[in-house]
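Heads up: the structure comes next, in structure tokens.
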Amino acid sequence: MLKGLFSKFKRNEEEKEINNSEELQDIKEKTEEIEEQSVEQKSEEIIDMEQEAVDMVSDTKEEVTTSKLGLFEKLKMGLSKTRNGIVDKVDSVLKAYKKVDEELFEELEEVLITSDAGVNTTMEIIDRLRTESKKRKITESAELRELIKEILIDILTLEESNELNVSNSPSVILVVGVNGVGKTTSIGKIAHRMKGQGKKVILAAGDTFRAAAIDQLEIWSNRVGVDIVKHQEGADTAAVIFDAIQSAKSKNTDILICDTAGRLHNKKNLMNELGKVSKVLEREFNEANKETLLVLDATTGQNAIQQAKVFKEVTNINGVVLTKLDGTAKGGVVLSIANELNIPVKLIGVGEGMEDLQIFNPNDFVNALFGE
């Protein structure tokens, strides 16, 4: 399977003159290791690694097609489904009602709720829209468009910065989230971003519970070109983090990014595990800046809010990484996260490419959402 994939990829490489020989070598080495194993050993873990290799090739193709686009244009492209699900419907309502009245507000309320903005957040937006439109004596429905943008930007702008708190060295980013939300991929892309800023990065493979999580993170470390500290599957997460801290100290690392297990079936176990990791970080790396990022899948809508509430109960979340925004029409969940949880969204995924995990900026987000 993979040999055929590499042959196809080589042909594409010649046609598009992609200079990525090091990445190909990394994948080849992983493939050779896999093919040396017996058929019986090719479990789900190996299948996951094969899929990761497929995704890496796909990512590279995506980067080639979008490399000439600016970040804002990528953002607009990535939000196209959400724009269709929210803004296009808002515009339709505004066109259908010439005058500002209660029926118009009810229609807008329905649009926001169905976009997964959440009931509480939707009610706040509509209440503010009523109050401000009266205060500004707005009578034409078309004039509400700019007011809606203004309210959305205000809701998304929290006191805590949307920037990652990694300006000082050393810094630690603890990444949490349930399985399947894109946690491993997000870690790889954050490492890529940090390395691109000239920072020395180490990854800690702390998700020792999920099958293939360690191998997948190792693939990302090889791809990005950063070190990784790992133990065997089933090892104690806190022990992995301890060794990673010692490695980071000895190598004068700028940023240590720690993965954690994504179990949510038992809140007590989750609390105990994250508690142990936090104690190790405080005791062994007290001088480092600490950032805890929660990874959420935008396509799960309000379910993501419930996940966030659980994690918020067991650990101090500094920010959210919202993945797969390009794959959903219900991006209104961004509003719920900021308004109901009071947690800043710090990174958003708007595509498959390495550069498509972007720093969240409320103004840019709303302007891109409204296609401006």
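The values are calculated or read from the model by the stated rules, or taken from the named source; none is laboratory data. All of these numbers come straight from a predicted model, not from anything done at the bench. Using ideal geometry, Cβ is built from the backbone for each residue, glycine included, and neighbour counts are taken over all protein chains shown.
Quick rundown of the values:
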| read-out | value |
| --- | --- |
| Lone unmet requirement of (1) crowded, with 23+ Cβ neighbours inside 10 Å; (2) touching a residue at least 60 places away in the same chain (Cβ under 8 Å); (3) β-branched (Val, Ile, Thr) for residue 201 | (2) |
| Filter pass, residue 344 being in contact with a helix residue (DSSP H, G or I) (Cβ under 6 Å, 6 or more places away or on another chain), surrounded by fewer than 24 Cβ atoms within 10 Å (Cβ to Cβ), outside the structural domain of residue 269 (by TED's automatic domain parsing) and farther than 22 Å from residue 261 by Cβ | no |
| Qualifying residues in the stretch 206-231 (those that are basic (Lys, Arg) and farther than 13 Å from residue 258 by Cβ) - the one surrounded by the most Cβ atoms within 10 Å (Cβ to Cβ) | 223 |
| Search result, residues across the stretch 206-237 that are of a type in the set (Val, Ile, Thr) and either touching a Cys at 6+ places or on another chain (Cβ under 6 Å) or in a helix (DSSP H, G or I) (or both) | 214, 219, 224, 237 |
| Residue match in the stretch 252-267 (condition: over 24 Å from residue 182 (Cα atoms) and surrounded by fewer than 16 Cβ atoms within 10 Å (Cβ to Cβ)) | yes |
| The one condition in (1) part of a helix (DSSP H, G or I); (2) among the polar types (S, T, N, Q); (3) assigned by TED's automatic domain parsing to the domain that holds residue 198 that residue 179 fails to fulfil | (1) |
| Hey, residue 209 in contact (Cβ under 8 Å) with a residue 12 or more places away in the chain and over 25 Å from residue 304 (Cα atoms) or not | no |
| Residue match in the stretch 93-106 (condition: under 24 Å from residue 298 (Cα atoms), assigned to a helix (DSSP H, G or I) and of a type in the set (Val, Ile, Thr)) | no |
| Failed item, numbered, when residue 240 is tested on (1) in contact (Cβ under 8 Å) with a residue 60 or more places away in the chain; (2) part of a helix (DSSP H, G or I) | (1) |
| Options 322, 270; residue that is buried (at least 22 other Cβ atoms within 10 Å of the Cβ) and either at pLDDT 90 or above or outside the structural domain of residue 187 (by TED's automatic domain parsing) (or both) | 322 |
| Single unsatisfied condition, residue 299 versus (1) at pLDDT 90 or above; (2) more than 30 Å from residue 146 (Cβ to Cβ); (3) among the hydroxyl-bearing types (Ser, Thr, Tyr) | (2) |
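Okay, residues lined up against (1) more than 20 Å from residue 252 (Cα to Cα); (2) aliphatic (A, V, I, L, M); (3) in contact with a Phe, Trp or Tyr (Cβ under 9 Å, 6 or more places away or on another chain):
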position	(1), (2), (3)
129	yes, yes, yes
137	yes, no, no
149	yes, no, yes
156	yes, yes, yes
165	no, no, no
173	no, yes, no
190	no, yes, no
194	no, yes, no
198	no, no, no
